[in-house]
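Laboratory data are not the source of any read-out in this text; all were calculated from the coordinates shown. Just so you know, these numbers come straight off a predicted model, no measurement behind them. A quick note on method: Cβ atoms are made from the backbone with ideal geometry, for glycine too, and the neighbour counts reach across all protein chains shown.
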Amino acid sequence: MHNFEVSPNLPKNHDLKKKYNRFEKQLSEWYNSGKVPELASQDTRFMLELQKQKLKKLGIDMQIKFGKTEQNEGNVGALSFEDSVFVNTILGTSKKVTTTIRNSGNEIYCSSEEGNLSVVLQNPKTGCVPPADTPLCCPNCGAPSTLGGLEDGCEFCDTKFLMDELYPKVMHIFIEKYGKLLYNKKQIKKYILFCSIGFFVLYIGLHILKSFIINTEAFRQFMETKDFTVDKDSIVTYLYAVPASAFMGVFFGIPAWFIANIIESVRQLANVGRGGSTMPKTLIFCNKMHTLDPTFSIEYFRDKSTSLLKFMLYSSDPQELNICQCKKPIPKKIREIIDITYRNSGVTKYSIKNGVCNVSLTFYTDSLHYRNGRIIRSSDKIRMSMRKIIKKPTDLGFSFKAVNCPSCGGSFDAANVRNCPYCGNDYPFEENEWVVTDISI
């Protein structure tokens, strides 16, 4: 990847910002009404559909809504980078992410927290036309097709499209959830009130204890009758204790709020920074792959491997997927996961021998597990091994939802079909796409 361009805040009427806001609405509609996001690529749609099918099989429903945060004024940042065919733009901004999960109509989980919605939007480079066999969904009927097929007319609805009607498309989605909002000034009042009440109760308790120590006869009568009489001097003392406690609440409450937020920010930073030790080996691996395949990049590999992980996690039966070549059964704990927040990932080991690349990665995620009718949040370390035959340059527009058979040229959906439906030959999956050979947690 090259020609990086950073835009911390896109102008209000910028086309990319409009596309981002449009997709945010489409994604929310998908989780709440099932309407398929028009801007989503074929593989992105497949990932969302896998997740929905798994939730349905488990008998649960998950809704996600995105709202503005107090600190976000609608700003959308962008980072663009190019490959040989496309301009890829990462768009994102802070969001209030509300997740609600129900089982048979009964709410079993609800979380509303600060987060971020980021998407990778793909557009053809200026003056560059993607190959005609680049997989795309028909914007009209949603059927899987190719760029050339949609320009000639969708075989299902016969609608023809121009290039700018087919792009951009959302290749990847990252929904992050940070947890508690840091340095929320509204929380200061709670800390001041809590400290004020604490000091008031402590002061009154110490005053009563002091009066009993000084006046042992009053203490003896109280123990016998359980009747405590408040004299006028004590009432005046209690009244003076109110403003004194308020002052102490301010004096100690604000520092307590600040210290609590420092501790939480350190915790969140440590959570986001998990896996930083894998970065050197990841860079070495990606540099090695780039020497063998100039189209390969660390950005491509990160997004591709994360997509494969989501396919594995969100499928109700991962071993039915063609990308899954795992010999061992999928661990039960992996099958429990219904949603993840991606934090970091990195290469732990790799080997390139006789044109075959084997690589093992570790993903650091915050996951939602569905176990025994309950939703359990967990910080997970998921290990996944992948393999690919390195014979030709990476197909940057590859989608296993619309592949071309090398034997007969027929186009078909290879997500769950291993053999070409036209000639019956096996599709050489590992020559075109990474496959998963192992996964554990």
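Here the extension length gained between A132 and I197 equals 16.3 nm, from 0.36 nm per residue of separation less the Cα-Cα distance.
Legend: distances between Cα atoms for K96/K160; K52/K95; K35/K328; K68/K125; K52/K353; K96/K310; pairs beyond 27 Å are K96/K160; K35/K328; K68/K125; K52/K353.
Annotation for region 57-117: GluC sites (Glu not before Pro) lying in DSSP loop with at most 11 further Cβ atoms inside 10 Å of their Cβ are E73. Computed packing ranks the peptides 22-30, 300-308 as 300-308, 22-30, most packed first, by mean other Cβ atoms within 10 Å.
So, counting K/R as plus one and D/E as minus one, what does the shell of residues with Cβ under 9 Å around T98 add up to?
Overall, the nearby charge balance is +1.
When only alpha carbons are used to place a centre, region 313-373 and region 146-163 end up 35 Å from one another. When a/c reaches 1.5 or more, the comparison of a/b and b/c decides; with that in mind, is region 36-126 rounded, prolate or oblate per its Cα gyration tensor? Judged from the Cα gyration tensor, region 36-126 comes out oblate (a/c at least 1.5, b/c at or above a/b).
Per-residue counts of other Cβ atoms within 10 Å, averaged by peptide: what ranking do you get for 419-426, 366-373, highest first? Numbers along the way, then the final one.
On the way: 419-426: 12.6, 366-373: 16.8.
Ranked from most to least packed, the peptides come out as 366-373, 419-426.
Summing Lys and Arg as +1 and Asp and Glu as -1 over all other residues whose Cβ lies under 9 Å from the Cβ of K125 gives a net charge of -2. Projecting the Cα atoms of L361, T341, I376 onto the charge dipole of region 305-389, computed from C-beta unit charges around the Cα centre, puts L361 farthest toward the positive end.
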